[in-house]
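Enquirer: The following block contains the structure, expressed as structure tokens.
The values are calculated or read from the model by the stated rules, or taken from the named source; none is laboratory data. What you see is a predicted model; the values in this text were computed from it and never measured. These area figures cover heavy atoms from the full protein model, side chains too; ligands, DNA and RNA do not enter into them. Shrake-Rupley method; radii C 1.70, N 1.55, O 1.52, S 1.80 Å.
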Amino acid sequence: MMRRTRGCAAVLALGACLGTATPARAGYLEDAGWGTLTVLTNVVYMPAKITYAVLGGLTGGFAFALTGGDLKTAETVWVTSMGGTYVVTPRMLQGEDSITFAGTPGGDADTGTTADGGTPQGLHEQSLGSGTEPPG
């Protein structure tokens, strides 16, 4: 009788634990799906972005030469064409992070200014990590 009571209590406890358990996050199959979609997206996106950046670099060079050395004009072309996102991540495909094909001349994409309130000069690094910007 005692053995039977313990067995029933164990089965009830196990059933209660399994009945209330909820997964904390998506399973590995969903992660694999997002990873596969990311790779397939980058197969098309990265060559297009690199081609755009190279052509923009050449165009900026021509703009610099044809304007008599006007660096501001050339830099606008360079920042626009060479800035932006080069690698698409799963977070970008899920809508958690933004994808920026072209850079934003004259300022940060979010605020339009640098951390010290001034106007930024040149190209800016973009973090590929967890979405936090590197110090500097």
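Enquirer: Leaving ligands and nucleic acids out of the surface, order 89, 38 by accessible area at 1.4 Å, largest first. Please list the in-between numbers first.
Expert: Values: 89 35, 38 10 Å².
So the residues, ranked largest to smallest area, are 89, 38.
Enquirer: With θ set to phi - 60° and the Karplus curve 6.51 cos²θ - 1.76 cosθ + 1.60, what are the ³J(HN,Hα) couplings of the stretch 34-46 in order, to the nearest whole Hz, using x for Gly and Pro?
Expert: For the stretch 34-46, the Karplus-derived couplings read 5, x, 5, 4, 5, 4, 5, 5, 5, 4, 8, 5, 4 Hz, x marking Gly and Pro.
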